[in-house]
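Input: a single structure, listed below in structure tokens.
The values are calculated or read from the model by the stated rules, or taken from the named source; none is laboratory data. Note that the structure is predicted; figures quoted are calculated from it, not measured. Positions of Cβ are generated from backbone atoms using ideal geometry, with glycine treated the same way; all protein chains shown enter the neighbour counts.
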């Protein structure tokens, strides 16, 4: 287990910490936990690329940690009444579909598509929406809907790259 993968694994531990803090009324500390997860996501990817330690395990665990954190966040925001059921349902369907299809194709021996600029842009827009919503600032819900739309565009790009990658191999 290399350092980038250990950092990725630490993000899984931040999920229950975030939920505890947010549901216990400590929104700023919960937001800090989310931001720590975001910084560690950037750090593990940077270290993996810089040191040549990109692994199949990391390629699978990194987006899983991101998706599970995002599902925890939207669940908490739903419980807190800050986002509607419709947004959560749409996000959950997309995230579960991405996790399920990635695992299915991985275990069938197909190549997975690493993160690209669309995925990174989607993540940034989600983080902006989360910060606005958790800090009770205007525009958070509108930014969230933009992030949701961008996530579906990103999924389409990943699907096209996936088909192309696995068609030629």
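Taking the stretch 85-109 as the region of interest, how many residues are under 17 Å from residue 145 (Cα atoms) and surrounded by 12 or more Cβ atoms within 10 Å (Cβ to Cβ)?
Matching residues across the stretch 85-109 total 8.
Given the condition assigned to a loop (DSSP other than H, G, I, E, B), over 14 Å from the mean Cα position of the chain (by Cα) and under 16 Å from residue 126 (Cα atoms), answer yes or no: does some residue in the stretch 16-25 qualify?
No, the stretch 16-25 contains no residue that is assigned to a loop (DSSP other than H, G, I, E, B), over 14 Å from the mean Cα position of the chain (by Cα) and under 16 Å from residue 126 (Cα atoms).
Consider residue 33 carefully, then state whether it is crowded, with 17+ Cβ neighbours inside 10 Å, more than 13 Å from the chain's Cα centre (by Cα) and modelled with pLDDT of 95 or more.
yes
Please tell me if residue 149 is out of contact with any strand residue (DSSP E or B) (no Cβ under 6 Å at 6 or more places or on another chain) and within 21 Å of residue 15 (Cα to Cα).
So residue 149 fails the test.
So is residue 99 without any contact (Cβ under 8 Å) to a residue 12 or more places away in the chain and closer than 24 Å to residue 157 by Cα or not?
Criteria not met by residue 99.
What do you reckon, is residue 160 part of a helix (DSSP H, G or I), surrounded by fewer than 19 Cβ atoms within 10 Å (Cβ to Cβ) and touching a residue at least 60 places away in the same chain (Cβ under 8 Å)?
Criteria not met by residue 160.
Could you list, in sequence order, the residues of the stretch 3-15 that are more than 14 Å from the chain's Cα centre (by Cα) and surrounded by 17 or more Cβ atoms within 10 Å (Cβ to Cβ)?
4, 5, 7
Which members of the stretch 59-87 meet the condition of being over 14 Å from the mean Cα position of the chain (by Cα), part of a helix (DSSP H, G or I) and touching a residue at least 12 places away in the same chain (Cβ under 8 Å)?
Listed by number, the residues that qualify are 76, 77, 79, 87.
Under 20 Å from residue 34 (Cβ atoms) and modelled with pLDDT under 95: which single residue out of 108, 94 fits that description?
94
Looking only at the stretch 44-58, filter to residues that are assigned to a loop (DSSP other than H, G, I, E, B) and under 19 Å from the mean Cα position of the chain (by Cα); which one of those is surrounded by the most Cβ atoms within 10 Å (Cβ to Cβ)?
Looking at residues that are assigned to a loop (DSSP other than H, G, I, E, B) and under 19 Å from the mean Cα position of the chain (by Cα), I get 54.
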